[in-house]
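The values are calculated or read from the model by the stated rules, or taken from the named source; none is laboratory data. This is a predicted model, so every value here is computed, not measured. We place every Cβ from the backbone using ideal geometry, glycine too, and count neighbours over all the protein chains shown.
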Amino acid sequence: MSKDRRPRPRPIVSRRTLIRGAAGLGLAGAAPNVILAQTPETLVVNTQGGEYQEIVETTVLKPFEKKFGARVVHDPTGSASQDYAKIRAARGAPGFDVAGLLTPPEMILGAREKLLEPVTEREVPNLRHCWSVASRVIPNVGVAHTLQYAAMIYNKEKIERPRSWADYWDPGKRYGERIRGHVINYNPANLLSVYALIHAAQLGGGSVDNMEPAWARLRAQKPYVGVVVTASPEAVPYFENGEVWISPYWSARSGYYIARGLPIDMLVPEEGVIGLFDCAAIPVGAKNKKLAYEFLNFRLEPEVQRAFSLAYFSSPGRGDIADWPAEFVRTQVTTEAQVAMVQFPDSEVIGQRRRDWTVRWQEIMA
Amino acid sequence: MASPRALGGDVHPAMGPPVRHLVSAHWLLAAIPALVLVVFFALPNALLLTVSFLKSEAQQLTGEVTLENYRFVLSRRLYLDAVIRTFAIGIAVGALDVLLAYPLAYFLVRTTSRWKGWLIALSLAPLLASVVVRTYGWYVILNRNGVANDALLLLGLTTERIALMPSSAAIAIGLAHALLPYAVLTIMGGLDAIPPNLERAAMSLGASRLRTFLSVTLPLSMPGVAGGFILCFSIAISAYATPAILGGPATQVLATAIYGFMTQLLDWSIGAALAVVLVASSLALLYLASRLGSRQVSL
């Protein structure tokens, strides 16, 4: 049987056109999801985690989402140096748009290695309200949004209130043998340890340029040390169970744990304290830089500063906010005059010498 | 008999697909894991090796080639102690795990209980919990206010609380517990491969149970024992979490020292030099172990 070889009438829609059309419709249907997933209004922010996660989300991240209609993805992992290690390893594209919790040594390194975006008042108008000292402490690659200091804390049920950094570095002299085993020391990988060592050097007439008195004090203190840790949160169980009676500690964490009923109190020793700025910066490979700059500016807004400082027990990054609660003013730095009394050692020098200091510390404490 | 080539190809009629296809398939099979190994192991290690020879100034890598990093690491007692501590802990963990795992593995292989499957699953159950969780269990036991100190005081063995941690012993105990299932699995494999007829033959020739075990079972299970030891040793010398928790900053091993330099001090040159020391010395020890193992087998 022969087939009918007459040409078939040309279809209105060819098979190829039909497939193209179906594919187009499919893509169009999927488009809203694709566009949503790649929306430029998503911002990945690396900042506080752990017990502080809720505080930062409530006082900073959610208000930012509300104001800008953006979606913030919170990355709560890593310490300042770990976060910078990620930025360096990823050559400026670590997966987050804002590094929200760097410290001056990482900011200086980031500027030198050109891995953090420059920040000026043009992109971040609120920069002009920051503490004047901040521009001397960190280079122009971010904002110093929070100020805290290395305070001294003590167990108020075990020992009398200390007065001087000497009470920490020479505990036997002030408290006798009963304090043996109840002193904590920190690895210099934690800036808290570096600052305490600088105080030890200063007690003996030294400075960051002459740390020999600090090593002598460390050797003398060692027999009294019962606990050695690196990260600040690692010390908390020892404060809680009463094993550690005296310690240098960050003012913000101290305030937080005092408010939660730990048997400790904090003070500013008579020699003064060293301050630390928490800084936010934008890695050069950030995907959403425009929104990241908005975030840096928002982080310095007065109402955000107030809400965060009160919840985090830290001092603000700007000095033009008034009407703080009296209890807050008692332990925090809120005026330029108070900032002037806080020491800010050269973080560039600290960065250059920290390795040698750490090795020296390890050799003594090992 | 005609060769396959003489028959018109690389193939014997009964062989199925051509040999060259099989050969290329074999190459492909080997090439994929080899590629993964090159990209994710050889290249990163080459980079690490390169960085270990670069000078670092103020936490920043420079292009200057130097041996200073190795001199720094190998001339300081602190890091030599960390090297010795790392390998001493590795050997202790390997030996402890083999000693503890052998009787358990022997029982699990030989038992005819209907609960055998459950017992094997139970012995491997610790793997279901994170090593961090298991290590914190030891932290609860070993710290100054922990259960171990309570027991020592209760039994009158000590008069005051003592510091059981941070210490190398605490790290070894924590790691031995964490890695025990690996030794059990490996030794079970070794024991399972021994034909039961050999033991029966030895006993039928008059050997006692003990003699049979010492002369037949134990020597034949040595590949499993060596495998278990090497596995536990290798994991122990590169472990980070357990030494960090039970050793702390004053009882460093190589992994915690490398972590400190890489991510806390941001000094990659020294961190890389320490990592090269760890990789090179562990490869040398493993090579030595394999040479000794092969000599044992040939004897």
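What do you reckon, is B:V51 within 24 Å of A:G351 (Cβ to Cβ), within 11 Å of another protein chain (Cβ to nearest Cβ) and of a type outside the set (G, A, S)? Before the answer, list the steps.
Details: within 24 Å of A:G351 (Cβ to Cβ): yes; within 11 Å of another protein chain (Cβ to nearest Cβ): no; of a type outside the set (G, A, S): yes.
Considered against the rule, which asks whether it is within 24 Å of A:G351 (Cβ to Cβ), within 11 Å of another protein chain (Cβ to nearest Cβ) and of a type outside the set (G, A, S), B:V51 comes out as no.
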Checklist entry - So is A:A89 within 14 Å of another protein chain (Cβ to nearest Cβ) and more than 21 Å from A:E234 (Cβ to Cβ) or not? => result yes
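Would you confirm whether any residue within segment A:336-351 is modelled with pLDDT under 90 and within 14 Å of chain B (Cβ to nearest Cβ)? Break it down stepwise before answering.
At the first step, the residues of segment A:336-351 found to be modelled with pLDDT under 90 are A:351.
Of the ones still in play, those that are also within 14 Å of chain B (Cβ to nearest Cβ) are A:351.
For segment A:336-351, residues modelled with pLDDT under 90 and within 14 Å of chain B (Cβ to nearest Cβ): present.
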Checklist entry - Which residues, taken from segment B:54-73, are away from every other protein chain (no Cβ under 11 Å) and out of contact with any helix residue (DSSP H, G or I) (no Cβ under 7 Å at 6 or more places or on another chain)? => result B:T62, B:G63, B:E64, B:V65, B:T66, B:L67, B:E68, B:R71
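For A:M152, indicate whether it is farther than 27 Å from B:Q60 by Cα, touching a strand residue (DSSP E or B) at 6+ places or on another chain (Cβ under 6 Å) and touching a residue at least 12 places away in the same chain (Cβ under 8 Å).
On the way: farther than 27 Å from B:Q60 by Cα: yes; touching a strand residue (DSSP E or B) at 6+ places or on another chain (Cβ under 6 Å): yes; touching a residue at least 12 places away in the same chain (Cβ under 8 Å): yes.
Answer is yes for this residue.
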Checklist entry - Of the residues that make up segment B:248-263, is at least one farther than 30 Å from A:E113 by Cα, among the small types (G, A, S) and either under 26 Å from the mean Cα position of the chain (by Cα) or part of a loop (DSSP other than H, G, I, E, B) (or both)? => result yes
Checklist entry - Restricting to segment A:105-120, what's the tally of residues that are farther than 15 Å from B:L265 by Cβ and assigned to a helix (DSSP H, G or I)? => result 4
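Results for (1) closer than 17 Å to A:C279 by Cα; (2) of a type in the set (V, I, T); (3) assigned by TED's automatic domain parsing to the domain that holds A:M107, shown as yes or no for each residue.
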| site | (1), (2), (3) |
| --- | --- |
| A:V304 | yes, yes, yes |
| A:S309 | yes, no, yes |
| A:T331 | no, yes, yes |
| A:T334 | no, yes, yes |
| A:E348 | yes, no, no |
| A:Q362 | no, no, no |
Next on the checklist: Please pick out the residue among A:A252, A:A366, A:A311 that is more than 17 Å from A:L192 (Cβ to Cβ) and more than 14 Å from chain B (Cβ to nearest Cβ).
Outcome noted: A:A311
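Checking the condition more than 19 Å from A:G50 (Cα to Cα), under 11 Å from the mean Cα position of the chain (by Cα) and modelled with pLDDT of 95 or more, which residue from A:P104, A:P94 passes?
Details: A:P94 fails: under 11 Å from the mean Cα position of the chain (by Cα).
It is A:P104.
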Item to check | Test set (1) over 30 Å from B:S221 (Cα atoms); (2) among the β-branched types (V, I, T); (3) surrounded by 12 or more Cβ atoms within 10 Å (Cβ to Cβ) - B:T159 fails condition number | outcome: (3)
Next on the checklist: Just to be sure I understand, how many residues within segment A:166-200 are away from chain B (no Cβ under 14 Å), surrounded by fewer than 23 Cβ atoms within 10 Å (Cβ to Cβ) and farther than 20 Å from A:A80 by Cβ?
Outcome noted: 9
Checklist entry - Just wondering, is there one or more residues in segment A:282-290 that are within 14 Å of chain B (Cβ to nearest Cβ) and touching a residue at least 40 places away in the same chain (Cβ under 8 Å)? => result no
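Would you mind finding the one in B:L214, B:L285, B:L205, B:L231 that is away from every other protein chain (no Cβ under 14 Å), at pLDDT 90 or above and closer than 30 Å to B:R134 by Cβ?
Numbers: B:L214 fails: closer than 30 Å to B:R134 by Cβ; B:L285 fails: at pLDDT 90 or above; B:L205 fails: closer than 30 Å to B:R134 by Cβ.
Every option except B:L231 fails the conditions.
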Checklist entry - Got a number for residues in segment A:63-109 being at positive phi and out of contact with any strand residue (DSSP E or B) (no Cβ under 6 Å at 6 or more places or on another chain)? => result 4
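Just need a number here: residues in segment A:146-157 that are in contact with a Pro (Cβ under 9 Å, 6 or more places away or on another chain) and either buried (at least 17 other Cβ atoms within 10 Å of the Cβ) or of a type in the set (A, V, I, L, M, F, W, C) (or both). Write out each step before concluding.
Here is the first cut: in segment A:146-157, the residues in contact with a Pro (Cβ under 9 Å, 6 or more places away or on another chain) are A:146-147, A:150-157.
Then drop every residue that is not either buried (at least 17 other Cβ atoms within 10 Å of the Cβ) or of a type in the set (A, V, I, L, M, F, W, C) (or both), which leaves A:146-147, A:150-155.
Here the count works out to 8.
Scanning segment B:176-229 for residues that are among the hydroxyl-bearing types (S, T, Y) and closer than 16 Å to B:Y106 by Cβ, which turns out surrounded by the fewest Cβ atoms within 10 Å (Cβ to Cβ)? Working first, answer last.
Initial filter on segment B:176-229 (among the hydroxyl-bearing types (S, T, Y)): B:182, B:186, B:204, B:208, B:212, B:215, B:217, B:221.
Within this subset, residues satisfying the condition of being closer than 16 Å to B:Y106 by Cβ are B:186, B:212, B:215, B:217, B:221.
Numbers: B:T186: 24, B:T212: 18, B:S215: 13, B:T217: 19, B:S221: 24.
Among residues in segment B:176-229 that are among the hydroxyl-bearing types (S, T, Y) and closer than 16 Å to B:Y106 by Cβ, the one surrounded by the fewest Cβ atoms within 10 Å (Cβ to Cβ) is B:S215.
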